[in-house]
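Heads up, the thing below is written out as structure tokens.
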Amino acid sequence: MRAKTRLTCPCGTVVTGADEDDLVVKARSHLGESHPGMEYSRDEILFIAY
């Protein structure tokens, strides 16, 4: 199975990571900066990633 390294936030921002761990860190950073109060688990983030 390929690692998921990209996701598109519903706001339209594309988040890209070097690997799944990096993607989760960057997605959480985007959430904190652009969507304060919204929190997602690692599994939830990877569920919407591709």
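Give the carbon-plus-sulfur fraction of the accessible surface of the chain in %, rounded to a whole number; probe 1.4 Å, heavy atoms of protein chains only.
Of all accessible area on the chain, carbon and sulfur atoms account for 54 percent.
Helix 20-34: angle to the longest alpha-carbon principal axis of the chain, degrees 0 to 90, nearest 10?
Helix 20-34 sits roughly 10 degrees off the main axis of the chain.
Placing unit charges on C-beta atoms (Lys and Arg positive, Asp and Glu negative, everything else neutral), compute the dipole magnitude of the chain about its Cα centre in debye, rounded to 20. Let's see the in-between values first.
Numbers: 6 positive and 8 negative charges, 35 e Å.
Rounded to the nearest 20 debye, it is 160 debye.
With Rg and Dmax of the Cα atoms in Å in mind, check (1) 9.9, 32; (2) 12.0, 41; (3) 18.1, 58 and report the label derived from this structure.
Checked against the structure: label (1).
Compare the Cα positions of S41, V24, C11 along the charge dipole of the chain (+1 at Cβ of Lys, Arg; -1 at Cβ of Asp, Glu; about the Cα centre) and return the one farthest towards the positive end.
C11
Averaged per residue, what accessible area in Å² does the chain show with a 1.4 Å probe, protein chains only? Before the final figure, lay out each step's value.
On the way: 3610 Å² over 50 residues.
I get 72 Å² per residue for the chain.
I need the calculated FRET efficiency for the pair C11 and S41, taking r as the beta carbon distance and R₀ as 25 Å, to the nearest 0.05.
Working: r = 19 Å, r/R0 = 0.77.
The computed FRET efficiency comes out at 0.85.
The values are calculated or read from the model by the stated rules, or taken from the named source; none is laboratory data. Remember, it's a predicted structure, so these values are computed and weren't measured experimentally. Note: ideal-geometry Cβ built from the backbone for every residue, glycine included; neighbour counts use all protein chains shown. Surface accessibility is based on the protein's heavy atoms, side chains included, excluding ligands, DNA and RNA. Shrake-Rupley method; radii C 1.70, N 1.55, O 1.52, S 1.80 Å.
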